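What follows is a set of notes on a single structure, which appears directly below.
The values are calculated or read from the model by the stated rules, or taken from the named source; none is laboratory data. What you see is a predicted model, and the numbers here were worked out from it, not measured in a lab. Note: ideal-geometry Cβ built from the backbone for every residue, glycine included; neighbour counts use all protein chains shown. Side chains included, ligands, DNA and RNA excluded: accessible areas come from the protein's heavy atoms. Shrake-Rupley method; radii C 1.70, N 1.55, O 1.52, S 1.80 Å.
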Amino acid sequence: MLRSLLIYLSQAPWARKIVTGWSFAWNAASRFVAGEEIDDAIKVIKYLNDKGINATLDHLGEHTHTAADARNATATILTIFEAINQSEIRSNVSIKLTQIGLALDTELCAENLTKILERAKEYNNFVRIDMEDSPWIHSTLTLYRKMHLEKGFDNIGVVIQSYLFRSEADIQQLIGECTGVRLCKGAYKEPPEIAYPKKGDVDANYDHLARLLIDGSNASGCPQVSSDGRIPPTVALATHDEKRIDYAKSYAEKVHLPQAALEFQMLFGIRSDLQEQLTEAGYPVRVYVPYGHEWYPFFTRRLAERPANLWFFISNFFRR
Ligand code: FDA
């Protein structure tokens with residue numbers, strides 16, 4: 001109930017207007033967002049890199065309303081690759097397709113995505129396409145295939161959500177196409193006709209899909225994380241859930257998948273203790289580091305994931 005309300009609020013323009021006007025809201029959001037400028041994010045990533053942790057940089061933004069905004073967002077993303085190179089950080093880039101025009105015009109989005117992938121290629125870097133809510137899944141996977149299979153970009157990966165019934169079929173197809181997949185549980189509110197309503201089922205499906213990805217990686221020669229930390233292995237498990245992580249570790253060990261072929265991914269500001277433990281144990285770990293002014297929907301989804309975060313938000317109000 002509370003989760004549904006928060007996810008609704010994350011997409012409501014009127015709520016965004018009110019909350020972003022409160023200065024204490026940014027104080028609370030900054031637990032999960034590296035800062036408003038790219039230099040803030042680079043500082044955070046240098047700190048993570050010193051601990052042996054890689055990153056994926058996200059310039060926050062989604063659902064741009066005009067073609068000009070989508071082009072501006074693309075122009076900003078294009079500058080990130082140079083910034084990564086100059087600062088010599090171990091990071092790739094994550095993007096949302098509705099930020100670069102998916103909800104406006106598929107052709108415009110394809111044009112913007114091509115520019116981003118070409119620039120990433122110039123810098124020998126990698127782009128992960130985040131998965132948004134279900135109305136965008138088909139067009140996201142279609143555009144991904146256009147880039148990977150038709151245009152031949154090999155520096156691109158997608159995200160699959162274990163709460164969806166369709167995800168097993170999607171993963172089977174993606175494995176056949178040699179695609180790198182980030183597996184997460186899913187951060188949106190989806191109807192029971194297409195998604196598991198119960199957390200136990202989402203978790204069980206997560207283990208099942210992780211197993212499929214691990215087997216797929218083994219069958220395709222166990223691609224490993226690159227030495228500069230920018231190109232991830234084909235299996236990237238994005239979760240802070242220790243049971244899911246332990247399950248994947250033991251299955252991977254059982255089938256002899258090398259540790260460097262199994263990446264764990266977490267969000268900035270969540271379970272840094274676990275990030276360090278996994279790094280010390282020898283697994284590649286990547287932290288998702290968002291920055292920018294458009295932090296409202298990202299932050300509100302983090303509140304929805306864990307009601308305790310709401311008290312953290314409220315306590316910031318009293319600390320003003
Ligand atoms: P679960 O919700 O069961 O939480 C397990 C434990 O993790 C909790 O008990 C708590 O300790 C901790 N935890 C989880 N969320 C927390 C929070 N917000 N604050 C504090 N502690 C928290 N989703 C999506 O739909 N599309 C996408 O592209 C992505 N991309 C993505 C990238 C990366 C790197 C990560 C880690 C996650 C995503 N997600 C995502 C979000 C994902 O779908 C999911 O909503 C969150 O990861 C929370 O689920 P967990 O797997 O952590 O499990």
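What to note about this one:
- Which of 48, 83, 9, positive extreme of dipole for segment 1-126 (C-beta unit charges): 9
- Centre-to-centre, using Cα atoms only, segment 42-109 and segment 240-264 are separated by 28 Å.
- Given R0 = 30 Å, the distance between the Cβ atoms of residue 150 and residue 215 translates into a calculated FRET efficiency of 0.65.
- Under 16 Å from the Cα of residue 51 - aspartates and glutamates, other chains or at least 8 residues apart: 88, 228, 263, 273, 276, 280
- Prolate/oblate/rounded call for the chain, Cα gyration tensor, a/c under 1.5 rounded: rounded
- Here the relative contact order of the chain, from alpha carbon pairs under 8 Å that lie six or more residues apart, stands at 26 percent.
- Partner lysines for residue 249 [C-alpha distance under 19 Å; skip if fewer than 8 residues away on the same chain]: 185
- Proximal lysines to residue 146, defined as alpha-carbon separation beneath 17 angstrom and excluding residues fewer than eight positions away on the same chain: 96, 115, 121
- Label-to-label distance, nm, for residues given as residue 47 and residue 280 (7 Å Cα→Cβ offset): 1.9 nm
- Low-density loop positions, trypsin sites (Lys or Arg not before Pro), segment 191-225 - DSSP coil, at most 13 other Cβ in 10 Å: 198
- Here the dipole of the chain is about 720 debye; that uses its Cα centre as origin and unit charges on the Cβ of Lys and Arg (positive) and Asp and Glu (negative).
- q = 0.13, 0.17 Å⁻¹, segment 128-219: log10 I(q)/I(0) [Debye, one scatterer per Cα]: -0.41, -0.70
- Max mean-square fluctuation residue, GNM over the chain, Cα-Cα springs under 10 Å, options 84, 137, 175: 137
- Extension reserve of the residue 207-residue 251 stretch, reckoned as 0.36 nm per residue once the Cα distance is removed: 14.9 nm
- In this label model, residue 168 and residue 318 are separated by 4.8 nm, measuring between points 7 Å along each Cα→Cβ vector.
- On segment 77-131, 39 percent of the accessible area sits on carbon and sulfur atoms, based on a 1.4 Å probe.
- In the chain, the calculated helix contribution to ellipticity at 222 nm averages -15500 deg cm²/dmol per residue, counting -39,500 (n - 2.57) for every DSSP H run with n ≥ 4.
- Size of charge dipole - segment 1-145 - debye, nearest 20, with Cβ of Lys, Arg +1 and Asp, Glu -1, no other charges: 380 debye
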